[in-house]
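Colleague: Have a look at the structure that comes next, please.
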Amino acid sequence: MAYPSVALARPARRRHTLLHEIIRNRWAYLFISPFFILFLIFQAFPVAYSIYISLHDWRGLGPMDYVGLENYKFLLGAGGRAFRQSLMNGVILFFMYVPVMTFLAIVLAVLLNSKYVRGYRIYRTVLFMPYITSMIAAGITFQLLLQQDNGLFNIILQAVGASPQPWLETKWLARFSLCLLIVWGWLGYNMVIMLAGLQTIPHELTEAARIDGANAVQAFFRITIPLLRPVIVFSVILSTIGSFGLFSETQALFRSTGGAGPLRSTLTPLVYIYDQAFGRFRLGRAAAAGYVYFAFIFVLTLVQLKYFGREEE
Amino acid sequence: MATQIREERRFETARSDLQRRLLRVGALGLMHALLISVSLFMILPFIWMLSTSFKPQTEIFARPPILVSSNMSLEGYRYIYEYKQTGGVLNVVKNTVIISTSYTLLALFFCALGGYGFAKYRFPGRKFLFSFLLATMIVPQAVTMVPTYAMMVKFGWVNTFLPLIVPGVANAFGIFFMRQYISTLSTELLDAGRIDGCTEFGLFWRIVLPIVLPGLTSLGLIFFMSSWNNYLLPVIYLKTPTLHTLPLMMLQMTGPMGFSLYREQMGVAVISTIPLLIIFLVFQRRFVEGITSGALKG
């Protein structure tokens, strides 16, 4: 008896379901709406408006003159050497510090996770402290430490018999110094992430490998690293975005050149765009640079995900 | 024959035992050497920052380097206390506290609310909207920087704290974080509240928020820290020195011609670092939880 009535009721119910569900959950929509409202105003609209600006020559206060793709041509042509250098710098910096920092973070995490090291909490605290420090404060301090004449690093170098170096003056040393500051600031953060990742790997796995005759180094490369892969990918991708978006670090370390460093060796895309927009009032060009940069980093992230991310499937 | 072989074996095991023990001692030594040298590298800038902030100009680059001397004074701190352009360092501290605190409280409210919406309601479009929210995280600041500035000029928000607070108060990371946290709450608790006549917002305010307090602390620490240390937004929007924040004052302070302000800059750096350091030491566990949950679940 009940069967036909259910069958009859079904089409009617289906027609009302969606609207009914939306009304029933109206509170949920209200709760999540602030994000979407702010997104529309401060992300979606600017992203669209940025296309419009990038097609104009705009000096800030004056009128906007339509110039078509002129700004993009500039960036990819002879005048855009500084911009292309900034993208290149992002790649160079990435290769200079990310492998070293990631490897060091994993090694330190493994050490702190092992039963042989005491004072786990003290080490973790000390290594993590730089992460909460303002990069401006740290950058000025490093500038002080790395001074060519009478900076503490050079004094220490001389004390052990090495010759002092112009840390902030030449192209590659400037990049090295920047990497030193970044590793100082971010090593602890990456280590803490790796440590959390390690703690999800059961001890039995590495112990079983050891019983089967693997030594500590083999167990590290064959078991720990593969199992940590998702966490490593996360940290490497964050570091990629980080090395292109460096801003305060270079501002503090290379203040006299507005963050560009000697021969623009530490000019990053974000600093280039900031300088075009707020230093030279070339807003159209800055907007175009923002787009090219976005495309560049988007492709780079996809490539990274493809190469490291998917292997476990 | 047999005894000879046994003898040899015993000798071999003895030797490999010794080797193994030596190897272990060596490895342990290396491990600790690495940990200690990295730790020293991490601590050194803090010590140098603090020491420099008390040193007279002549001792900042002294050779051999001076860590503590009898010439140390509070002169540097007096300079930044009386620094007229920004209304003294205390005014700058006040600005930084106002911005960071209001941003943190508002962002916690809106992110928890959004996270609650996504975690506890099965509304149509939920999956799509949430994926969309995560996808917005890939838009870099470099793209929106110029047009947002143009908008802020139109709004008349330049030289106010609003551009530093409003755009990010309901951010994707925070909502993602709180959704993870709130999903673990039992739905029965909420149903019980509903039966008792709680409104949907009342459920959030009276039941959910108090329970997720640890999660709010973790997230709030991250928000507070990133706002406190932010440099890019203040340098774009805060043109008037009396509105400056600590990182801005550190870099933009000027002295009488020909004088380096390293000591004074280090003084501001110390003032900027110490509050965060204290907060970090007190809430260390929550801090680490907040940092890691994004990496492991994401």
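Colleague: I need every pair where a residue in the stretch B:153-172 that is more than 10 Å from chain A (Cβ to nearest Cβ) has its Cβ under 8 Å from the Cβ of a residue that is among the polar types (S, T, N, Q) and surrounded by fewer than 21 Cβ atoms within 10 Å (Cβ to Cβ), sequence separation at least 6 or different chains.
Modeller: B:Asn159/B:Thr240; B:Phe161/B:Ser102; B:Ile165/B:Ser102
Colleague: Within the stretch A:147-167, can one find any residue that is more than 18 Å from the chain's Cα centre (by Cα), in contact (Cβ under 8 Å) with a residue 40 or more places away in the chain and in the same structural domain as A:Ala252 (by TED's automatic domain parsing)? It would help to see each step written out before you state the result.
Modeller: Looking only at the stretch A:147-167, we keep the residues that are more than 18 Å from the chain's Cα centre (by Cα), and these are A:147-167.
Keeping just the survivors that are in contact (Cβ under 8 Å) with a residue 40 or more places away in the chain gives none.
Within the stretch A:147-167 (the criterion being more than 18 Å from the chain's Cα centre (by Cα), in contact (Cβ under 8 Å) with a residue 40 or more places away in the chain and in the same structural domain as A:Ala252 (by TED's automatic domain parsing)), the answer is no, since none of the residues qualifies.
Colleague: Specify which of the listed residues (B:Val169, B:Val235) is assigned to a loop (DSSP other than H, G, I, E, B) and modelled with pLDDT of 95 or more. Show your work before the answer.
Modeller: Working: B:Val235 fails: assigned to a loop (DSSP other than H, G, I, E, B).
The unique qualifying residue is B:Val169.
Colleague: Then there is this: Does the stretch B:179-203 hold any residues that are within 13 Å of B:Gly114 (Cα to Cα) and β-branched (Val, Ile, Thr), and which are they?
Modeller: B:Ile182 - this is the single residue of the stretch B:179-203 that is within 13 Å of B:Gly114 (Cα to Cα) and β-branched (Val, Ile, Thr).
Colleague: So which residues in the stretch B:96-142 are within 10 Å of another protein chain (Cβ to nearest Cβ) and basic (Lys, Arg)?
Modeller: B:Lys120, B:Arg122, B:Arg126
Colleague: Does A:Tyr29 qualify as being surrounded by fewer than 19 Cβ atoms within 10 Å (Cβ to Cβ) and modelled with pLDDT of 95 or more?
Modeller: Numbers: surrounded by fewer than 19 Cβ atoms within 10 Å (Cβ to Cβ): yes; modelled with pLDDT of 95 or more: yes.
Here the answer is yes, as A:Tyr29 does meet what is asked.
Colleague: Now a separate question. Looking at the stretch B:206-257 only, could you name the residues that are within 14 Å of another protein chain (Cβ to nearest Cβ), under 18 Å from B:Thr86 (Cα atoms) and aliphatic (A, V, I, L, M)?
Modeller: Matches in the stretch B:206-257: B:Leu233, B:Val235, B:Ile236, B:Leu238, B:Leu246, B:Leu248, B:Met249, B:Met250, B:Leu251, B:Met253.
Colleague: Can you name every residue in the stretch B:103-123 that is surrounded by fewer than 17 Cβ atoms within 10 Å (Cβ to Cβ) and either touching a Leu at 6+ places or on another chain (Cβ under 7 Å) or within 26 Å of B:Phe223 (Cα to Cα) (or both)?
Modeller: Our first condition is that a residue be surrounded by fewer than 17 Cβ atoms within 10 Å (Cβ to Cβ); within the stretch B:103-123, this holds for B:105, B:122.
Of everything in the stretch B:103-123, just one residue is surrounded by fewer than 17 Cβ atoms within 10 Å (Cβ to Cβ) and either touching a Leu at 6+ places or on another chain (Cβ under 7 Å) or within 26 Å of B:Phe223 (Cα to Cα) (or both), namely B:Leu105.
Colleague: Something else: Looking only at the stretch A:81-104, decide whether some residue is facing chain B (nearest Cβ under 10 Å), over 13 Å from A:Gly188 (Cβ atoms) and among the hydrophobic types (A, V, I, L, M, F, W, C). Give the derivation first.
Modeller: At the first step, the residues of the stretch A:81-104 found to be facing chain B (nearest Cβ under 10 Å) are A:104.
Restricting the remaining residues to those that are over 13 Å from A:Gly188 (Cβ atoms) gives none.
Within the stretch A:81-104 (the criterion being facing chain B (nearest Cβ under 10 Å), over 13 Å from A:Gly188 (Cβ atoms) and among the hydrophobic types (A, V, I, L, M, F, W, C)), the answer is no, since none of the residues qualifies.
Colleague: Report those helices (runs of 4 or more DSSP H) wholly inside the stretch A:87-194 carrying at least 2 residues which are loosely packed, with under 15 Cβ neighbours inside 10 Å. Walk me through how you get there before you give the answer.
Modeller: Numbers: elements: A:120-128, A:135-145, A:152-159.
Ranges flagged: A:120-128, A:152-159.
Colleague: Would you check which residues across the stretch A:194-250 are hydrophobic (A, V, I, L, M, F, W, C) and under 15 Å from A:Val98 (Cα atoms) and list them? Break it down stepwise before answering.
Modeller: Going through the stretch A:194-250, the residues hydrophobic (A, V, I, L, M, F, W, C) turn out to be A:194-196, A:198, A:201, A:205, A:208-209, A:211, A:214, A:216-217, A:219-221, A:223, A:225, A:227-228, A:231-234, A:236-238, A:241, A:244, A:246-247.
Once the filter is applied, which keeps residues that are hydrophobic (A, V, I, L, M, F, W, C) and under 15 Å from A:Val98 (Cα atoms), the stretch A:194-250 yields A:Met194, A:Val231, A:Ile232, A:Val233, A:Phe234, A:Val236, A:Ile237, A:Leu238, A:Ile241, A:Phe244, A:Leu246.
Colleague: If you don't mind, another one. Restricting the search to the stretch B:172-197, which residues are more than 30 Å from the chain's Cα centre (by Cα), in a loop (DSSP other than H, G, I, E, B) and of a type in the set (S, T, N, Q)? Don't jump to the end; show me each part of the working.
Modeller: At the first step, the residues of the stretch B:172-197 found to be more than 30 Å from the chain's Cα centre (by Cα) are B:186-197.
Next, only the ones that are in a loop (DSSP other than H, G, I, E, B) stay: B:186, B:196-197.
Hit for the stretch B:172-197 is B:Ser186, nothing else.
Colleague: Looking at the stretch A:200-223, is at least one residue surrounded by 20 or more Cβ atoms within 10 Å (Cβ to Cβ) and either touching a Lys or Arg at 6+ places or on another chain (Cβ under 8 Å) or of a type outside the set (S, T, N, Q) (or both)? Let's see the steps before the verdict.
Modeller: Taking the stretch A:200-223 first, the residues surrounded by 20 or more Cβ atoms within 10 Å (Cβ to Cβ) are A:206.
Narrowing further to those that are either touching a Lys or Arg at 6+ places or on another chain (Cβ under 8 Å) or of a type outside the set (S, T, N, Q) (or both): none.
The answer is no; no qualifying residue exists.
Colleague: If I go through the stretch A:71-107 residue by residue, how many of them are among the small types (Gly, Ala, Ser), without any contact (Cβ under 8 Å) to a residue 24 or more places away in the chain and within 25 Å of A:Leu173 (Cα to Cα)?
Modeller: Taking the stretch A:71-107 as the starting set, the residues that turn out to be among the small types (Gly, Ala, Ser) are A:77-80, A:82, A:86, A:90, A:105.
Among the residues that remain, those that are also without any contact (Cβ under 8 Å) to a residue 24 or more places away in the chain are: A:77-80.
Checking which are within 25 Å of A:Leu173 (Cα to Cα) leaves us with A:80.
Selection size over the stretch A:71-107: 1.
Colleague: Please find, among A:Gly213, A:Gly259, A:Gly284, A:Gly290, the residue that is within 11 Å of chain B (Cβ to nearest Cβ) and not in a helix (DSSP H, G or I).
Modeller: Details: A:Gly213 fails: within 11 Å of chain B (Cβ to nearest Cβ); A:Gly284 fails: not in a helix (DSSP H, G or I); A:Gly290 fails: not in a helix (DSSP H, G or I).
A:Gly259 is the lone residue from the list that is within 11 Å of chain B (Cβ to nearest Cβ) and not in a helix (DSSP H, G or I).
Colleague: A:Thr141 passes all but one of (1) at pLDDT 95 or above; (2) away from every other protein chain (no Cβ under 11 Å); which number fails?
Modeller: Condition (2) is where A:Thr141 drops out.
Colleague: Among all residue pairs at least 6 apart or on different chains, which show Cβ distances below 8 Å where the first residue, located in the stretch B:3-32, is at pLDDT 85 or above and the second is outside any helix (DSSP H, G or I) and not polar (S, T, N, Q)?
Modeller: Cβ pairs passing all conditions: B:Leu28/A:Tyr116; B:Met31/A:Tyr116; B:Met31/A:Val117; B:His32/A:Val117.
Colleague: Return a yes/no flag: does the stretch A:144-157 have any residue that is at positive phi and at the interface with chain B (Cβ under 7 Å from one of its Cβ atoms). Steps first, please.
Modeller: Of the stretch A:144-157, the ones at positive phi are A:150.
Of the ones still in play, those that are also at the interface with chain B (Cβ under 7 Å from one of its Cβ atoms) are A:150.
Looking for residues that are at positive phi and at the interface with chain B (Cβ under 7 Å from one of its Cβ atoms), one finds at least one in the stretch A:144-157, hence yes.
Colleague: Return yes when A:Ile41 is touching a Leu at 6+ places or on another chain (Cβ under 8 Å), of a type in the set (A, V, I, L, M) and either in a helix (DSSP H, G or I) or within 14 Å of chain B (Cβ to nearest Cβ) (or both) and no when it is not.
Modeller: Working: touching a Leu at 6+ places or on another chain (Cβ under 8 Å): no; of a type in the set (A, V, I, L, M): yes; either in a helix (DSSP H, G or I) or within 14 Å of chain B (Cβ to nearest Cβ) (or both): yes.
The answer is no for A:Ile41.
Colleague: Okay, next question. Could you grab me the full set of residues in the stretch B:257-273 that are hydrophobic (A, V, I, L, M, F, W, C) and either outside any helix (DSSP H, G or I) or more than 15 Å from B:Leu74 (Cβ to Cβ) (or both)?
Modeller: Initially, the stretch B:257-273 is screened for residues hydrophobic (A, V, I, L, M, F, W, C), giving B:257, B:259, B:261, B:266, B:268-271.
B:Met257, B:Phe259, B:Leu261, B:Ala269 - these are the residues of the stretch B:257-273 that are hydrophobic (A, V, I, L, M, F, W, C) and either outside any helix (DSSP H, G or I) or more than 15 Å from B:Leu74 (Cβ to Cβ) (or both).
Colleague: Output the qualifying pairs, or none if there are none: Cβ atoms under 8 angstrom, residues six or more apart or on different chains, first residue in the stretch B:90-107 and closer than 13 Å to B:Pro275 by Cα and in contact (Cβ under 8 Å) with a residue 12 or more places away in the chain, second residue among the hydroxyl-bearing types (Ser, Thr, Tyr) and assigned to a helix (DSSP H, G or I).
Modeller: B:Thr96/B:Ser272; B:Ser100/B:Ser227
The values are calculated or read from the model by the stated rules, or taken from the named source; none is laboratory data. Model, not experiment: these values are computed from the prediction. Note: ideal-geometry Cβ built from the backbone for every residue, glycine included; neighbour counts use all protein chains shown.
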